[in-house]
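**Student:** Please see the structure below; I have some questions.
The values are calculated or read from the model by the stated rules, or taken from the named source; none is laboratory data. Since the model is a prediction, treat every value here as computed from it, not as a measurement. Methodologically, a virtual Cβ is constructed for each residue, glycine included, from the backbone with ideal geometry; neighbour enumeration extends over all protein chains shown. Surface accessibility is based on the protein's heavy atoms, side chains included, excluding ligands, DNA and RNA. Shrake-Rupley method; radii C 1.70, N 1.55, O 1.52, S 1.80 Å.
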Amino acid sequence: MVATQRRGRRIMMTEAERDTYLADQRTCRVATVSADGRPHIGALWFVWDGGSLWLYSITRSRRWAQLTQDPRLAVVVDDGVEYGDLRGVELSGDAVFVGEAPRTGEACPELGVPEDLFTRKYFGMEVMPHDGRHAWLRLTPDAIASWDFRKLGDA
């Protein structure tokens, strides 16, 4: 069950707006937690399938190592320059490793949709290229918050 956004309902995106926004954006910032509690944040490409955020991460990264120890994850996707243009979505929950790591292309039906979305979004191709360095993380969020300050002009 996804936690309901309590504050900022006036600027909250509808589910359809959020889905379109996440489909269109290309880069997110991913926050993980180290063993001593220190946060680590890095940029990553992603796809949204309407229920889960799929992250394609290097398996020899600090992010990957931290998630093997503590699966808690927070992700922000945002844009805008001027105050009235700010938009974004924050998602949080536990990361799940999906498929082989690193990914070499072994059959994994669960990765069919995210790899299809990712391949078209970032490579403009039909078949996912596997480099033997990346693997998949799935975040099915426990909580989602969104904002679209452009809605303030509608008041």
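**Student:** Taking the options VAL127, VAL113, name whichever one is β-branched (Val, Ile, Thr) and either surrounded by 11 or more Cβ atoms within 10 Å (Cβ to Cβ) or not in a loop (DSSP other than H, G, I, E, B) (or both).
**Tutor:** Exactly one residue qualifies, and that residue is VAL113.
**Student:** To continue, here is another question. Does GLY105 meet the test of being open to solvent by less than 70 Å² (accessible area, probe 1.4 Å) and in contact with an Asp or Glu (Cβ under 8 Å, 6 or more places away or on another chain)?
**Tutor:** no
**Student:** Which residues, taken from region 29-64, are within 27 Å of ARG18 (Cβ to Cβ), touching a helix residue (DSSP H, G or I) at 6+ places or on another chain (Cβ under 9 Å) and either of a type in the set (Lys, Arg) or not in a strand (DSSP E or B) (or both)?
**Tutor:** Hits for region 29-64 are ASP49, GLY50, SER52.
**Student:** Also, quick follow-up: Just name the residue that is modelled with the highest pLDDT out of those in region 1-17 that are hydrophobic (A, V, I, L, M, F, W, C) and exposed (fewer than 11 other Cβ atoms within 10 Å of the Cβ).
**Tutor:** Among residues in region 1-17 that are hydrophobic (A, V, I, L, M, F, W, C) and exposed (fewer than 11 other Cβ atoms within 10 Å of the Cβ), the one modelled with the highest pLDDT is ALA16.
**Student:** Restricting to region 131-155, and then to whatever is open to solvent by 40 Å² or more (accessible area, probe 1.4 Å) and assigned to a loop (DSSP other than H, G, I, E, B), can you tell me which residue is farthest from SER52 (Cα to Cα)?
**Tutor:** Step by step, filter region 131-155, then rank; the result is ALA155.
**Student:** Being over 23 Å from ARG18 (Cβ atoms), in contact with a strand residue (DSSP E or B) (Cβ under 9 Å, 6 or more places away or on another chain) and modelled with pLDDT of 95 or more: is that true of ARG72 here?
**Tutor:** In short, no.
**Student:** Quick one: what pairs do we get from region 48-69, first residue surrounded by fewer than 17 Cβ atoms within 10 Å (Cβ to Cβ) and hydrophobic (A, V, I, L, M, F, W, C), second modelled with pLDDT of 95 or more and in a strand (DSSP E or B), C-beta under 6 Å, 6+ apart or different chains?
**Tutor:** What qualifies is ILE58/HIS134.
**Student:** Taking ASP36 and the conditions (1) more than 12 Å from the chain's Cα centre (by Cα); (2) touching a residue at least 60 places away in the same chain (Cβ under 8 Å), which numbered condition does it fall short on, given that it satisfies the others?
**Tutor:** It fails just one condition, (2).
**Student:** Tell me yes or no: at least one residue of region 90-110 is at positive phi, touching a residue at least 12 places away in the same chain (Cβ under 8 Å) and assigned to a strand (DSSP E or B).
**Tutor:** yes
**Student:** All but one of (1) in contact (Cβ under 8 Å) with a residue 60 or more places away in the chain; (2) surrounded by 14 or more Cβ atoms within 10 Å (Cβ to Cβ); (3) small (Gly, Ala, Ser) hold for ALA74, so report the exception by its number.
**Tutor:** The one condition ALA74 does not meet is (1).
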